[in-house]
Amino acid sequence: MTFAALLIVPGDPVQLILGLNYEPQQYALLKTQLGLDKPPLERFVAWWGGLLTGDMGRSLSLNTGVAELIVTRLPVTVPLVALSSLLALLIALPAGVFAARRKGTVFDLVTVALTQTGLAIPSFWLGLMLILLFAVALNWLPANGWTAWSEDPARAARSLVLPVVTLALGQAAGLVRMVRSSVLEVMNQDFVRTARGKGLLEGVVMRRHILRNAAINIMTLLGIQLGGLLAGGIVVETVFAIPGLGKLGLDGVRSTDFPLVQGVVFTIATIIVFVNLIVDLLYGALDPRIRYE
């Protein structure tokens with residue numbers, strides 16, 4: 001799908017590399033060197049053949065190995081996505097549980113309204129507002145840019161704060177709704193009433209019975225949201241000028257860099273499949289009734 005979509009995208013990578021002034025012989029020679037003179041199907045098969053041997057090809061615009069470029073960007077994107085998911089979970093669990101236990105109260109109504117608002121706000125707008133507040137007005141955090149972890153870990157961590165919060169708030173809105181609805185569903189089950197009838201403390205009932213059973217739905221949504229985080233990371237990385245995996249893929253689209261875009265998409269898809277596989281395996285730990293043969 002990605003390869004077919006790139007074929008219809010306007011632009012010629014050979015022209016982008018050569019610029020405006022070039023000879024026809026130069027164009028033909030470079031096109032042959034890049035392998036763009038071959039039929040699309042042959043190029044696609046060749047790319048997959050190289051991928052099976054660990055070779056993602058070379059970037060047409062950067063003249064560097066695609067795998068090398070992706071490896072340099074993963075230390076930026078992985079912490080961004082992981083910290084965003086962690087922060088979103090830390091916000092969603094207490095807010096969703098408290099809203100479910102106080103259903104119909106002012107807190108519950110405000111929480112529902114805030115989650116609807118959070119789902120409606122575009123990530124790029126939220127990022128710009130956070131920059132205006134914390135970077136421009138208060139001057140607490142850097143507005144954009146990135147410092148490598150090896151150069152200055154503290155500055156690298158500070159440069160991730162605003163992007164992490166931007167991604168986490170949008171993700172937390174969906175998680176709060178899921179936690180609230182899942183907890184409400186489990187709270188009405190007979191085994192919860194039985195546990196309370198035995199005299200168990202409310203905290204014990206919540207941890208051992210309600211949250212444990214509601215966790216399956218929450219974990220499922222976390223796995224699904226990963227794709228959204230990686231996709232939303234493209235916008236956030238662009239707003240904050242962070243050289244992550246998403247921005248690398250966007251640069252590849254702009255320059256019609258077929259191998260680069262294919263490599264980035266394949267890497268993101270592999271990460272999503274791997275994380276969802278872990279989520280599926282965790283189902284057995286969360287619910288003893290689920291067993292894998």
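Values quoted throughout were computed directly from the atomic coordinates according to the rules given, and no laboratory measurement underlies them. Here the structure is a predicted model, which is why all the values come from computation and not from measurement. Neighbour counts are summed over all protein chains in view; Cβ atoms, including those assigned to glycine, are modelled from backbone coordinates with ideal geometry.
For residue 65, nonlocal amide neighbours, meaning residues 5 or more places apart or on other chains whose placed amide H falls under 5 Å from its own, are 59. Placing R0 at 35 angstrom, the Cβ-Cβ distance between residue 152 and residue 217 gives a FRET efficiency of 0.30 after rounding to 0.05. In the elastic network of the chain, a GNM with C-alpha springs shorter than 10 Å, the most mobile of 150, 85, 123 is 150.
Among 222, 277, 41, determine the one that fluctuates most according to a GNM of the chain built with springs between C-alpha atoms less than 10 Å apart. Looking only at 222, 277, 41, the largest GNM fluctuation is found for 41. Cut-off under 30 Å on the C-alpha distance; same-chain residues fewer than 8 positions from residue 247 excluded. Which lysines are left, in chain and number order? Once the sequence-local lysines are set aside, what remains near residue 247 is 31, 38. When only alpha carbons are used to place a centre, the stretch 221-265 and the stretch 90-117 end up 32 Å from one another. By the helix-only formula, in which each DSSP H run with n ≥ 4 contributes -39500 (n - 2.57) and the sum is divided by residues, the chain has a 222 nm mean residue ellipticity of -23500 deg cm²/dmol. Ranked by the mean number of other Cβ atoms within 10 Å per residue, highest first, peptides 235-244, 110-119 order as 235-244, 110-119.
Please compute, over every Cα-Cα pair in the stretch 77-286, the percentage with a separation greater than 33 angstrom. When every Cα pair of the stretch 77-286 is considered, 25 percent fall beyond 33 Å. For residue 136 and residue 105, a Förster radius of 41 Å and the Cβ-Cβ distance give a FRET efficiency of 0.65, rounded to the nearest 0.05.
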